[in-house]
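Below is one structure, written out as structure tokens; the observations come after it.
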Amino acid sequence: MLVKPRELFAKAFNMQYALGAFNTSNLELTQAIIWAAQKQRAPVIVQTSEGAIEYTGQKQIAAIISSLAGEANVPVVMHLDHGHSMAVVKNCIEAGYTSVMIDASTKPIDENIALTGEVVEYAHAHGVWVEAELGTILGAEGIKTLQGEAPSDELLTNPAQTKKFVEATGVDCLAVAVGTIHGAFSGREYIRFELVEEIAKQLPALPLVIHGASGLASEHLQRVAHTNVCKVNVDTELRLAFERAVKSYFGQEHDKCDPRKILGPARDAVQRVVEEKIRLFGSDGKAA
Ligand code: G3H
Ligand code: ZN
């Protein structure tokens, strides 16, 4: 069922596990995510970037997610990932999203506070949960696309700024830059746990969010799920699994021309990755 996220975050916060948030842009990815959640009896967040919305169409992607969520017997949140403007937030809320992210992290902090505050006011008036970002998460979606270089300290979230940011904006959860990178750079990205702890000290009751989880070691994912981090975003590893399966199909002899033979195994491969992440985050069995 499609749900609002507040209770899911409260339970994840109290029980110290993390909700998996997985990106989709089409039917097969959405099926893979929701079916994985069903199999693992896990609450799940299905999210779309602005690019995904542009590719599929706002109404169409919302219809795909809400239709599959409506049939699922686990809680599903429909979330906007890295929204950059009030306009896209409004469109998503109108389309039935139960959660939105406003990412003004590349702007000076006062502008970030101002735009995030406006979004919070609008979204809360519509009963919608809001995530914002403070600090810069590098990679494909970041301000600088340092491919796989460890983020330098000045780009990480400054714990001293977090309390003011949260109090000024009224945001429900906060994405923090603590060493991860958008994209899968195994061995070159990591979580700075001491920074997560410092931020949690400043914001003892606020759920935190980790972006760029692809490429992170399993031990880091398991460990971070036991902190105040309640949502972990995974995208690239799903794309890689999808692509590997498609490549393998074309690497073999086949005499039938059928898109289902291409997309079906790719969907299965993505589902396996989502199930594995859900188990690492400890959200399996938490759907009740
Ligand atoms: O917002 C989406 C994520 O942060 C995904 O990052 O592609 O490194 O898994 P990733
Ligand atoms: Zn992200």
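Each row is one residue, and each column tells you yes or no for (1) free of Cβ contacts under 8 Å to residues at least 40 places away in the same chain; (2) surrounded by fewer than 22 Cβ atoms within 10 Å (Cβ to Cβ); (3) in a loop (DSSP other than H, G, I, E, B).
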position: Thr162; (1), (2), (3): no, no, no
position: Glu167; (1), (2), (3): yes, yes, no
position: Leu174; (1), (2), (3): no, no, no
position: Glu189; (1), (2), (3): no, no, yes
position: Glu194; (1), (2), (3): yes, yes, no
position: Glu197; (1), (2), (3): yes, yes, no
position: Gly212; (1), (2), (3): no, no, yes
position: Leu216; (1), (2), (3): yes, no, yes
position: Gln222; (1), (2), (3): no, yes, no
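Note on segment 68-101: residues that are within 16 Å of ligand 2 (Cβ to nearest atom), outside any helix (DSSP H, G or I) and of a type in the set (A, V, I, L, M, F, W, C) amount to 4.
Residue under question is Val234, and the condition is that it be within 16 Å of ligand 1 (Cβ to nearest atom) and in contact with a Lys or Arg (Cβ under 7 Å, 6 or more places away or on another chain); does it hold? Steps first, answer last, please.
Details: within 16 Å of ligand 1 (Cβ to nearest atom): yes; in contact with a Lys or Arg (Cβ under 7 Å, 6 or more places away or on another chain): yes.
Yes, satisfied.
Within segment 133-186, being within 16 Å of ligand 2 (Cβ to nearest atom), on the phi > 0 side of the Ramachandran plot and modelled with pLDDT of 85 or more holds for Gly135, Gly179, Gly183. Looking across segment 200-248, the residues that are within 16 Å of ligand 2 (Cβ to nearest atom) and among the acidic types (Asp, Glu) come down to Asp235, Glu237. From the list Ala241, Ala245, the one residue that fits, being in a helix (DSSP H, G or I), aliphatic (A, V, I, L, M) and within 16 Å of ligand 1 (Cβ to nearest atom), is Ala241.
Quick one: which of Lys11, Lys4 is within 16 Å of the chain's Cα centre (by Cα), surrounded by fewer than 24 Cβ atoms within 10 Å (Cβ to Cβ) and under 21 Å from Val130 (Cα atoms)?
Working: Lys11 fails: within 16 Å of the chain's Cα centre (by Cα).
Just one listed residue meets the conditions, Lys4.
With respect to (1) part of a loop (DSSP other than H, G, I, E, B); (2) within 19 Å of Ile34 (Cα to Cα), the lone exception for Arg272 is condition (1).
Identification of helices (runs of 4 or more DSSP H) wholly contained in segment 1-64 with 2 or more residues that are touching a helix residue (DSSP H, G or I) at 6+ places or on another chain (Cβ under 8 Å) yields 27-40, 50-56. Checked against the criteria, Ser99 counts as buried (at least 22 other Cβ atoms within 10 Å of the Cβ) and either touching a Leu at 6+ places or on another chain (Cβ under 8 Å) or more than 27 Å from Gly282 (Cα to Cα) (or both).
Just to be sure before I move on: is Leu208 crowded, with 22+ Cβ neighbours inside 10 Å, modelled with pLDDT of 95 or more and out of contact with any Gly (no Cβ under 8 Å at 6 or more places or on another chain) in the structure I sent?
Working: crowded, with 22+ Cβ neighbours inside 10 Å: yes; modelled with pLDDT of 95 or more: yes; out of contact with any Gly (no Cβ under 8 Å at 6 or more places or on another chain): yes.
It is true that Leu208 is crowded, with 22+ Cβ neighbours inside 10 Å, modelled with pLDDT of 95 or more and out of contact with any Gly (no Cβ under 8 Å at 6 or more places or on another chain).
Just one of (1) over 25 Å from Val232 (Cβ atoms); (2) within 14 Å of ligand 2 (Cβ to nearest atom); (3) not acidic (Asp, Glu) fails for Pro108. It is (2). For segment 50-79, taking the residues that are crowded, with 22+ Cβ neighbours inside 10 Å and not hydrophobic (A, V, I, L, M, F, W, C), the one that is nearest to the chain's Cα centre (by Cα) is identified as His79.
Against the definition (among the aliphatic types (A, V, I, L, M) and open to solvent by 10 Å² or more (accessible area, probe 1.4 Å)), how does Ile109 come out, yes or no? Don't jump to the end; show me each part of the working.
On the way: among the aliphatic types (A, V, I, L, M): yes; open to solvent by 10 Å² or more (accessible area, probe 1.4 Å): yes.
In short, yes.
The values are calculated or read from the model by the stated rules, or taken from the named source; none is laboratory data. On a predicted model such as this, the values are computed, not experimentally measured, just so you know. Ideal geometry is used to build each Cβ from the backbone, glycine not excepted, and the neighbour counts take in all protein chains shown. Side chains included, ligands, DNA and RNA excluded: accessible areas come from the protein's heavy atoms. Shrake-Rupley method; radii C 1.70, N 1.55, O 1.52, S 1.80 Å.
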